[in-house]
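Down below is the structure, laid out as structure tokens.
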Amino acid sequence: MDMAWTDEAKDRLVRVPEGFMRNMTRTRIEEFAKERGINLITLEIAEDAIGKARMTMTGMMGGITKPAVSPPPMRASFYRCNLCGYVAEGAAPERCPVCGAGRERFELIDKNEDIVRPAAELKWTHEAMERLKKIPEGFMRDMTRWRIEKTARGKGLSVVTHDVLQEKYDYWADGSAKVERRLSWTKEAEEKIERIPSFVRGMVIKEVEALAEKMGKEEVTRELLEESKKTWEGTMEFHSDSDKEKKKTHQPNFINILKQEVFSHEAVNHPFLERFSKGNLTEEQVKTFAVHYYQHAKMFSHYIANIIPKIPHERDRIVMVKNLMEEYGNLIPEKTHPALFRKFLSALGLKKADWKKFKPIPEVTNFVDRLTMLTRYEPFLVGLGAVGPGVEWVIPTMFKKIVDGLKNSISISEDDLEYWTSHITLDVEHGDEATRVLMNYLDSEEKQNMVRTGAMKGLEARKLLWDGFERLLGF
């Protein structure tokens, strides 16, 4: 049985020379997808498969001399590290060779760019590297290196010298020297803070005490230091930004711009939703839609659960835990959202066997896989962008059209529509809560881009989902 391909993926395949090469490329892409349990081939999957095939072929050829005339090359795919800007060709590496970031930090660059050149690795002089090694190995050294290299790239440098490193150290030391403690510290916290290099210790103290005050605490504990560390790991910043308050003034503007982009996306204004809202669906069409959509609906709580452990601050985790509890019906089994959906399925005359061990269309599987990947493996701002702006902002708009279509097609009680109608009101609150959490982390363009990336990737997967339902129901 042929695998499903999106139009963008088909267009990519057509760019490969017709005949043997195109047939071989198609086979490689489909094998690549099957190995990963993927049922729908998107443009991104096609590019990944082509990149892997190219790397394999290069290794097999070794030192073989290339023929004088080669077939037209396939356009390579490129991945950019969203921490340091390094660009990898073919496939995202396990770790960035420049800043050490993991694969989850790489994003596929727009294939419409005609020329993309991989960035050169930033070099360090021996003297500078030896000085860096005086910082204890691990998280603190990695973060120090990243901050220094970010400064060097900002100045257009290709080499980190001892002078570059010393300039950054002096800057941190100057800020640290001005810090005075405002809170008491436990003995365990004192011992832990003393292990931090003196030139940056004051700035760490300032950041930790600021977090303590936001949480209403009067004493700094070892646990609070661990809480702070999670923030630094997520943002690669370990000192307060002097422009942070100024940057916060741009947060509402970012949110407003993102809302315009989200609500104008085709996923929210899809022809499928417009056609569905008019009603006149057959009973079989409604049942088909319901049993396929359930395969995603039963998974939504998993997406939220994936994000919660990665949120740096406890107070923000609590907000999302509240959201998760409501997904679970505040621990009332028959009120969990999957249970409400099963009540809807039963009202349609469907039996448990109809939705258990059910194989959904590829677009549904792709949607579940994409939200799982965004929330489980990406930085938390990407995941929260996917389920907040990408889902909970727009669910009330989309579900209203679905409810209209159901009421205009079948005879069903308000009680049996509770899954759909409750989200029209509840997700307004959930969307607002997700926005309030996001507002605590939008003090840089990099972080804003993470949120936007999550939202757009989630919406693009939603658009493909509606494409699939449009095909499935024969609209």
Quiz prompt | L225, sole failed condition from (1) open to solvent by 20 Å² or more (accessible area, probe 1.4 Å); (2) modelled with pLDDT under 80 | solution = (1)
Self-check item: Residues located in the stretch 397-434, provided they are modelled with pLDDT of 85 or more, part of a helix (DSSP H, G or I) and polar (S, T, N, Q)
Solution: T397, T421, S422
Practice problem: Name every residue in the stretch 115-139 that is open to solvent by 40 Å² or more (accessible area, probe 1.4 Å), at pLDDT 65 or above, assigned to a loop (DSSP other than H, G, I, E, B) and over 19 Å from R153 (Cβ atoms), in order of residue number. | Solution: K133, K134, P136, E137
Quiz item: Is the stretch 393-400 home to any residue that is more than 24 Å from the chain's Cα centre (by Cα), over 27 Å from A267 (Cα atoms) and open to solvent by 20 Å² or more (accessible area, probe 1.4 Å)?
Solution: no
Self-check item: Yes/no for H302 being within 30 Å of E209 (Cβ to Cβ) and either under 22 Å from the mean Cα position of the chain (by Cα) or open to solvent by 20 Å² or more (accessible area, probe 1.4 Å) (or both)
Solution: no
Quiz prompt | Any hit, the stretch 444-455, residues being assigned to a loop (DSSP other than H, G, I, E, B), at pLDDT below 90 and within 24 Å of Q260 (Cβ to Cβ) | solution = yes
Quiz prompt | Subset of the stretch 270-284 (residues that are touching a Phe, Trp or Tyr at 6+ places or on another chain (Cβ under 9 Å) and buried (at least 16 other Cβ atoms within 10 Å of the Cβ)) | solution = H270, F272, L273, R275, F276, L281
Quiz item: Within the stretch 337-362, which residues are without any contact (Cβ under 8 Å) to a residue 12 or more places away in the chain and surrounded by 15 or more Cβ atoms within 10 Å (Cβ to Cβ)?
Solution: A339
Quiz item: In the stretch 414-432, which residues are open to solvent by less than 50 Å² (accessible area, probe 1.4 Å) and either of a type in the set (S, T, Y) or farther than 19 Å from K335 by Cβ (or both)?
Solution: Y419, T421, S422, G431
Practice problem: Consider only pairs whose beta carbons are under 9 Å apart and that are at least six residues apart or on different chains; among these, list those whose first residue lies in the stretch 194-208 and is of a type in the set (S, T, N, Q) and whose second residue is at pLDDT 80 or above. | Solution: S198/A173
Quiz item: In this structure, does K287 turn out to be out of contact with any Cys (no Cβ under 8 Å at 6 or more places or on another chain), more than 19 Å from P396 (Cβ to Cβ) and open to solvent by 30 Å² or more (accessible area, probe 1.4 Å)?
Solution: yes
Quiz item: For the stretch 322-389, which helices (runs of 4 or more DSSP H) that fit wholly inside it have 2 or more residues that are polar (S, T, N, Q) and more than 15 Å from A297 (Cβ to Cβ)?
Solution: 362-376
Quiz item: Somewhere in the stretch 34-51, is a residue assigned to a loop (DSSP other than H, G, I, E, B), at pLDDT 65 or above and of a type in the set (D, E)?
Solution: no
Quiz item: Quick one: what pairs do we get from the stretch 291-310, first residue part of a helix (DSSP H, G or I), second surrounded by fewer than 19 Cβ atoms within 10 Å (Cβ to Cβ) and of a type in the set (S, T, Y), C-beta under 8 Å, 6+ apart or different chains?
Solution: S301/Y328; S301/T336; H302/T372; Y303/T372; N306/T372
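The values are calculated or read from the model by the stated rules, or taken from the named source; none is laboratory data. Treat the numbers as computed from the prediction; the structure is a model and nothing was measured. Cβ coordinates were reconstructed from backbone atoms using ideal geometry, including for glycine residues, and neighbour counts include every protein chain displayed. Each accessible area value is taken on the protein alone, full model and side chains, heavy atoms only, with ligands, DNA and RNA left out. Shrake-Rupley method; radii C 1.70, N 1.55, O 1.52, S 1.80 Å.
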